[in-house]
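Comments concern the structure below.
The values are calculated or read from the model by the stated rules, or taken from the named source; none is laboratory data. The model shown is predicted, which means the values in this text are computed figures rather than measured ones. Because the Cβ atoms are built from the backbone with ideal geometry, glycine has one as well, and the counts that use them run over all protein chains shown. Remember, those area values only see protein heavy atoms, side chains included, never the ligands or the DNA or RNA. Shrake-Rupley method; radii C 1.70, N 1.55, O 1.52, S 1.80 Å.
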Amino acid sequence: MTSTSVRNGQTILELAMSSKNVASDMVPVERTLLVIGSKNAGKTSLIHSFFDKNEKPKPTLALEYSFARRSGKSLAKDICHVWELGGGLVFKDLLSVIVQKTRGRRLSVVLVLDLSKPDVLWNTMEMLLEEVKVHLGNVLDVEEYNQINVKNIEDKKFMSPLPIPLMIVGSKYDVYQNFEPAKKRVLCQCLRYVAHTYGASLIFYGMNDTILMKVSKEMMSHYGFGTPYPKNHIYDSNKALLVPAGSDCFEKIDNLNEAGSIRSMHKYKNTFTSAFKQISIESGTHALSTDTADPLNDTNYADPLIDETLKKKQEVCDKNISTELKLFVDNYEKFLNTENTKNTSQ
């Protein structure tokens with residue numbers, strides 16, 4: 001029998017191709033969301049809303065994991081892995097665990113910023129974005145994965161998108177609504193500039209607003225499962241922003257600034273920090289080291305020998321924690337693969 005023999009009207013080649021397509025249809029698409037941002041900004045609440053969970057959020061300890069399944073184009077359900085980094089900037093070094101694990105493939109970052117605390121918003125955003133860029137810089141061949149459809153082609157030469165998709169969420173919109181109109185304009189203008197520069201989507205979110213919760217779920221679903229963006233676009237500072245990646249325009253953003261100075265991230269940082277004086281994250285009210293009464297933080301108790309010993313001990317602890325977290329991530333992946341195999345065979 002030759003390769004052109006027919007079975008039920010199909011050649012052997014066609015049957016082989018058909019079998020290959022069926023096999024590929026059994027493989028689910030897996031994406032990962034890495035949720036980071038301000039401490040107590042509502043990251044867990046955002047994730048619970050995405051998963052339709054009604055349970056009361058608990059404080060996130062370092063790095064926490066959850067996942068969801070959804071029927072997609074394949075016969076098997078697609079999977080969205082969600083990793084939440086707690087503590088604001090305290091555990092920012094743990095970003096490397098997820099970035100290295102995924103190698104940047106099908107990974108999206110969700111950056112949640114607390115609109116009710118604009119006095120630490122810019123510093124938090126700046127430090128976390130820089131941390132993400134550093135870790136992504138250590139991952140090879142991720143540049144090809146973030147394809148942004150930019151509405152205004154001229155804007156491309158002014159943009160510096162991350163190599164992976166980014167979604168910026170301004171939380172606690174109910175507090176933001178009480179800001180003075182001038183403050184709202186500055187905050188929206190600056191966040192729109194940052195989002196457009198990095199090729200990010202930008203939305204405002206409130207837990208007590210059903211419409212905003214619906215919008216956040218749709219946007220999270222876009223990054224987690226590849227569903228379409230929400231249809232509406234909102235740029236008005238008096239409303240909750242809804243700006244999908246690439247849909248904004250630098251000219252429209254700049255026109256909000258009467259000064260009309262040269263466009264740059266430095267200019268917008270100055271604009272923001274002039275309106276909202278930033279508190280030092282290391283030493284201010286929102287300090288990372290909150291226990292100032294601790295002798296370890298008091299220079300009056302300094303001892304070179306003890307300090308050096310403690311430093312080495314901390315380095316060993318940090319290394320052990322990083323290793324344990326990597327094993328934790330691996331074990332979750334193995335568990336999910338086992339569960340997928342069971343569901344596929346049923």
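Key figures
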read-out: Charge context of M220, other residues only, Cβ under 12 angstrom, K/R +1, D/E -1; value: +3
read-out: Mean-position separation - Cα centroids, region 157-214 and region 37-69, in angstrom; value: 19
read-out: Calculated FRET value between D236 and F158, using beta carbons and R₀ = 35 Å, to 0.05; value: 0.95
read-out: Per-selection Rg to Rh, region 181-249 - Cα, Kirkwood hydrodynamic radius; value: 0.96
read-out: For R105, solvent-accessible area (1.4 Å; no DNA, RNA or ligand), Å²; value: 100
read-out: Separation in nanometres of the label points that stand 7 Å from Cα toward Cβ, at T210 and S274; value: 4.3
read-out: For region 33-76: Kirkwood Rh in Å [reciprocal of mean 1/r, alpha carbons]; value: 12.2
read-out: Positive minus negative residues near S108 (Lys, Arg vs Asp, Glu; Cβ under 13 Å); value: +2
read-out: Accessible surface ranking that places the most exposed of Y176, Y198 first, with a 1.4 angstrom probe; value: Y198, Y176
